[in-house]
Amino acid sequence: MASSTSTPREEDSVLVQKNLFVRTLTLNRPRQLNALNFDMISRLLELFLAYEDDANVKLVIVKGKGRAFCAGGDVAAVVRQINEGNWRLAAHFFQKEFTLNYLLATYSKPQVSILDGIVMGGGAGASIHGIFRVATENSVFAMPETALGLFPDVGATYYLSRLPGFFGEYVGLTGTRLDGAEMLACGLATHFVPSTRLSLLEEALNKVDSSDFANIQAIIDKYSQSPALKKKSAYFRMDVIDKCFSRRTVEEILSALEDEEANNRADDWLTSTVQALKKASPMSLKISLRSIREGRLQGVGQCLVCEYRMVSHVVKGEVSKDFREGCRALLLDKDKNPKWEPSKLELVTDHMVERYFSKLDDEGWEDLKLPARSNLPVTAIAKL
Amino acid sequence: MDRVTWRTRVLLNHLNQLSSSSNPLSPNPCLGFSPPELSEPFEFDTKEMRKLLDAHNLEDRDWLFGLMKQSKLFNPREAGGRVFIAPDYNQSMEQQRQMTMKRIAYLLDRGVFKGWLTDRGVDAELRKFAFFEVIGIFDHSLAVKLGVHFFLWGGAIQFFGTKRHHDKWLSDTENYAIKGCFAMSELGHGSNVRGIETVTTYDSSTEEFVINTPCESAQKYWIGGAANHATHTIVFSQLSISGNNQGVHALIAQIRDENGNVCPGVRIADCGHKIGLNGVDNGRIWFDNIRIPRENLLNSVADVSPDGKYLSAIKDPDQRFAAFMAPLTSGRVTIAVSSIYSSQVSLAIAIRYSLTRRAFSVTPNGPEVLLLDYPSHQQRLLPLLAKTYAMSFASNYLKMIYVKRTPESSKTIHVVSSAFKAIHTWHNMRTLQECREACGGQGIKTENRVGHFKGEFDVQSTFEGDNNVLMQQVSKALLAEYIAAQKRGKPFKALGLEHMNKPCPVIPSQLTSSTLQCSQFQMDAFCLRERDLLNRFAMEVSQRQKQGESKEYSIILSYQLAGDLGRAFADRAILQTFIDAEAALPAGSLKNVLALLRSMYALICLEEDAAFLRYGYLSTDNVAAVRKEVSRLCAELRPHALALVSSFGIPDACLSPIAFNWIDSNSWSSVERH
C-alpha cells in the first residue's frame, strides 16, 4: 500500500505529496487564488520533467488549495515588469509557462487535475492539456483574457478551437463562465465528481500502480456522475452560438448577435453576450478570433509558438497597450473602465492584426523553442 | 541537410530497429504507427511556404474550413481519433443532391457568398476564388453546383447583361432567391458552340422572343442544376431576326415556378447517374416555343429593338461570338486552379502514407523499408509533387492576370487559361492515378479520397472546353502571332514569345549536374523546343496551303505538331511563373527547396516529352544525364517530402484516415465503436 513519505513545507507554493507510484501536486497560494508565478511554473516544469523519467511515478494528480484550482498566471507581476520597461522579462514568463503547457499536452504519463473551484487562464493551461480533468459543482471555468487586453493563451487556441461547433469562439471571446456540468458537456472536463466524493477518489487513485489509462479512467468513472445542465446554460444556446460565432469577423459576429437580440427582446443571455463583447478590448477580440481559427488547423506545438509571438507583441506594446490598460483598470486601479486603444473594432486594421502573428523584429528575440518530445502518444496529439 | 547525412540517418534508423528487435525471445511485435512528424524534421518554414502557394486570403480560407468542419451537414466522421469531413458518397444520387443544397443553404446563411456578385474589385474577386477553392477541396459537386450558379449564370448576367439585368438579377442570385443554370451545350454540340441548333425568333407584335428546340440533337444537355433545382437559365441559341441568322446569343428564361414546378413549354429530364459529381443535378431541357419578354435578351453585345431590328456595336460575327465566350474564361481559371488543389490533397495523402507504411526488407530478417525510402517510389511521387508546385504558381499567375484583366489582356488570358486548364487537369488525373496506386488497396477505399477523386475530377478534362480542342486553340493563337509578326516584320511582343526575338539558345553537349540545375539552361531548353515547334508548325501549315489545302484544314492535318506546340507553350509559361515566384524570395531555406523543386519540374518535363529527342533538342547523352539528375533530385527532395505536403495547408480533416494512424482507424475497437 502506498503511503506518504514526505512532509510538505507549508510555505512552498507547490506542495508535493509522494505515494508509492503517485505524486500529488497542490498549488499553494490560496490568498492569490493559486495564481501561477514564475517560481511555481519553474517548479512544476522541474517536477513534471523529473516524473517523466522516474519509473516509479505512474500518475500525477494536480489540485489547488482553497477555493480555487488556479485563477491564472500572476498577471500583476507581469504588468509590473512591463511598466518598469522590462517587456523581455514579461515575455520570458510566458515562454516558461507555454513550455509547461506543451510538456503537459505531450506528457506520456496520465495527469488527473481536480478542478474543485476556479479554473481560469493559466489554471486552464495547467490542467486542460492533461488527459483527465475532473470538474465538481464548485468548478468555475473562464478564459477572461479579452477583458484584460490579452487573448486566450496557454494553449487555449488549441483546446478552445476543438470544442463543439463554435463554442470555443464564444468562450474565448466573451470570457463567459462555465460551471462543472457545462465543462463536462463541452469536453473541457472529462469527468464530474461531487466534491464530497473527492477524498474517496483521491484515495482510490493513490493506490494506482500502473499508468494504464483505461484503469485510471475506470477508477474515476466509479466516482463520477452525469450532472444536469442548469436551465439557463449557454450550452442550450448552441444553435445561436453556432449561427453567430461562426461569422467571419468580430464585427459580423457582433452584428449577428445584435440581430438576434432585436428579434428576441429581453433575452438576458444575448444581452450579456453582446455586453461582454462590447466591453472587451477590440484589438484582443480580433487577434483572439484569428488565433482560435488558426488553432483549429494546428497542432498544440504550433499553437503555442503562435501564441508566444502574439504575447510577445502584447507585452512589447508596439501595436497596442491594451494589456497594460486592462490590468490597470481591472487589477490595479480597479475602476473597471479601461480606455482601449484602438477604441473601436473598425479602427483595428487587418495590418495591425497581422503584426501580432509575425516574428518580433527585435534583436535577441526568438520564436518559442519547444522541447523535443520523444514518441508522442496518440492521446497527447488530440484530446478534445 | 545534405544527402550523405540524410542517408546515414536513414540507415542508422534501420540499424537501430534491427538491434532492438534482434532478441530472439521477444515475440515479433505488431506493426506500430509512428506519426511521420516525429522522424521527418521540417527544414523550412511551412507556413511561409503555404503563403506562397495559397497566395491570398489564407485567414478566410481557414475560416471556411472551420465553418465546414464544425457543422454536421459536412458529414464529420471519426477514424483513428480524428475527425474527417467528406460527403457520404454511399448516399443515393437524389440524397447527395439534397445534401449539396443543404450545404449551400448553410454557407449562404453564414455569409460565405456575400459580395460574390455584388462586390467589385480585385480583393472581392480573390476572396471569392479562395472560398471556391476551399469548397472544392471538400467536395467537387458542391463547387460545381456553386460554379454554375455564380460563375456561369451569374457571370453571364454580369458580362452579357446590362444595368437592367444587373439590377434585377444579381442580388437575387447572390441570396439564392432564384437558382440559375446555364444552358449552352446540346446533345449534338458541345465544344462547337457555334453549331448549336436551338433557335430564337422575335415576335414584334407581343415584343417577345420565342425559343424553340427544333430537333432532338438540339436538346440542352449536361445542364448543371437543371434536373432538380434551377428556376432560371441562360439559354444559348441561334438568333433569327426576320429570317436572318445573327449567330449565337444568350437570353434569360424561367424554367420553374416558385414551387419548383416546371414551367409550361419546358420539358426537363435527368442526365442520370454519373461516374462522379452525383451531387450535381445535371439535366436536359427542351423548349417548345416558349415566350420570354424582349428585355430578357442579354444585350451588352447586341440588342433587338421593340419593332424587331437587330442592333449591334460589333459588326463582325466572329468578334461578337468571342465576346459571348467571356464568362467561360472564369470557368477555365477556376478549373485550372481547383484541379491543382485536388492534386495537392491526393499527394498529401499518398506521401503521408508512404512515410508511415513499410513493405519488404532489404536484408534477411531486417526491418521493412518505408515506401518512400524506395527510390522507385520517390520517382513515382516526387516529380508529380514538383509539378504540382509548379502548377500552383502557374494557377496564382493565371488568377492574378484574370482579376486584373483589361480589354488588352483578354487574348493572353484566353490563351493562357486554355493552356493551363488542359495541362493542369491532365496532370491532376495522372497524379490521382499514381497516388491511388501508391496507396495500394487503401487507395480504393472511398474514405481515402484519392481513388474516388478520379471519378469526381475526370470531367474537368472535357467541360468548359475539351482539353484537346483547347490545346489546338493555343497552337492556332501562337500561329496567328507568328504570322502577324512575320507580316509586319516586327518582333514578338505577346504571349511570352519575346524569346523568339533573341538568338536561338544552344544546349551544351555535356550536361553537368550544375548546368542541369541552372534555371537559365532549363528555360533555354523549353524556349528552344517552343520556338522550333512553332517554326515547324508554321512551315508545315504554309506548305499544305501551298499544296491547295485551306488554312483550317491544314491546321487540322498538322495536329501532331500542334499538340507538341501547345504543350511546349504551357510548360514554358509554367516554368516562367515558377522562376518568378522563386526570384521574389530572399536567400534562405525556402528558396533553396524551391530551386530543387523547380529543377525537378523542368527536368521531368525534359525527360517525359518525347519532342526533345524526336526533334533533336537534346542528344541521347543529354537525356541520359537528365535521367540521372532526376533520380538524384528525388533523393534530395526525399527529406523534404513531409514538409512540402504540409505546406499545402490542407486541414487534416480534409485528408483521410490513411494519412494518419491507419492502424488505429482500422482496429477492431474502431469496428466495435461504429
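Read-outs throughout are calculated quantities, based only on the coordinates presented, and are distinct from any laboratory measurement. The structure displayed is predicted, hence computed values, not measured ones. Every residue, glycine as well, gets a Cβ built from its backbone with ideal geometry; the counts of neighbours run over all protein chains shown.
A few comments on the model shown:
- Residue list for segment B:461-499, restricted to those being assigned to a loop (DSSP other than H, G, I, E, B) and closer than 30 Å to B:Glu186 by Cα: B:Thr462, B:Phe463, B:Glu464, B:Gly465, B:Asp466
- Look at (1) away from chain B (no Cβ under 14 Å); (2) touching a helix residue (DSSP H, G or I) at 6+ places or on another chain (Cβ under 8 Å); (3) more than 28 Å from A:Leu115 (Cβ to Cβ) and you find that A:Glu251 fails only one, number (1).
- Qualifying helices (runs of 4 or more DSSP H) (wholly inside segment A:274-384; at least 2 residues being within 14 Å of chain B (Cβ to nearest Cβ), among the basic types (Lys, Arg) and closer than 25 Å to A:Gly165 by Cα): A:282-295
- Test: A:Arg133 is on the phi < 0 side of the Ramachandran plot, within 14 Å of chain B (Cβ to nearest Cβ) and not β-branched (Val, Ile, Thr): no
- Yes/no for B:Gly154 being away from chain A (no Cβ under 14 Å), small (Gly, Ala, Ser) and within 30 Å of B:Ala302 (Cβ to Cβ): yes
- Those residues of segment B:613-669 which are outside any helix (DSSP H, G or I), within 14 Å of chain A (Cβ to nearest Cβ) and among the hydrophobic types (A, V, I, L, M, F, W, C), in sequence order: B:Phe648, B:Ile650, B:Leu655, B:Phe660, B:Trp662, B:Ile663
- Taking segment B:27-84 as the region of interest, the helices (runs of 4 or more DSSP H) fully inside it that hold 3 or more residues being out of contact with any Gly (no Cβ under 8 Å at 6 or more places or on another chain), facing another protein chain (nearest Cβ under 8 Å) and not small (Gly, Ala, Ser) are B:58-69.
- So B:Glu607, is it of a type outside the set (A, V, I, L, M, F, W, C) and in contact with a Leu (Cβ under 7 Å, 6 or more places away or on another chain): no
- Residue identified as in a helix (DSSP H, G or I), touching an Asp or Glu at 6+ places or on another chain (Cβ under 6 Å) and crowded, with 24+ Cβ neighbours inside 10 Å among B:Arg332, B:Arg352: B:Arg332
- Flag for A:Arg237 being away from chain B (no Cβ under 14 Å) and not hydrophobic (A, V, I, L, M, F, W, C): yes
- Exactly one residue out of B:Arg320, B:Arg358 is over 30 Å from B:Glu37 (Cα atoms), among the charged types (D, E, K, R) and touching a strand residue (DSSP E or B) at 6+ places or on another chain (Cβ under 7 Å): that is B:Arg320.
- Taking the criterion of being crowded, with 21+ Cβ neighbours inside 10 Å and either away from chain A (no Cβ under 14 Å) or among the aromatic types (Phe, Trp, Tyr) (or both), the residues of segment B:114-128 that qualify are B:Trp116, B:Leu117.
- Residue ID - nearest to the other protein chains (Cβ to nearest Cβ), chosen from residues in segment A:158-170 that are in contact with a helix residue (DSSP H, G or I) (Cβ under 6 Å, 6 or more places away or on another chain), more than 17 Å from A:Ala256 (Cβ to Cβ) and surrounded by 24 or more Cβ atoms within 10 Å (Cβ to Cβ): A:Ser161
- Here A:Arg80 meets each of (1) without any contact (Cβ under 8 Å) to a residue 40 or more places away in the chain; (2) in contact with a strand residue (DSSP E or B) (Cβ under 6 Å, 6 or more places away or on another chain); (3) not hydrophobic (A, V, I, L, M, F, W, C) with one exception, condition (2).
- The condition of being more than 14 Å from chain B (Cβ to nearest Cβ) and either more than 16 Å from A:Glu137 (Cα to Cα) or touching a strand residue (DSSP E or B) at 6+ places or on another chain (Cβ under 9 Å) (or both) holds for only one of A:Phe213, A:Phe192, that being A:Phe192.
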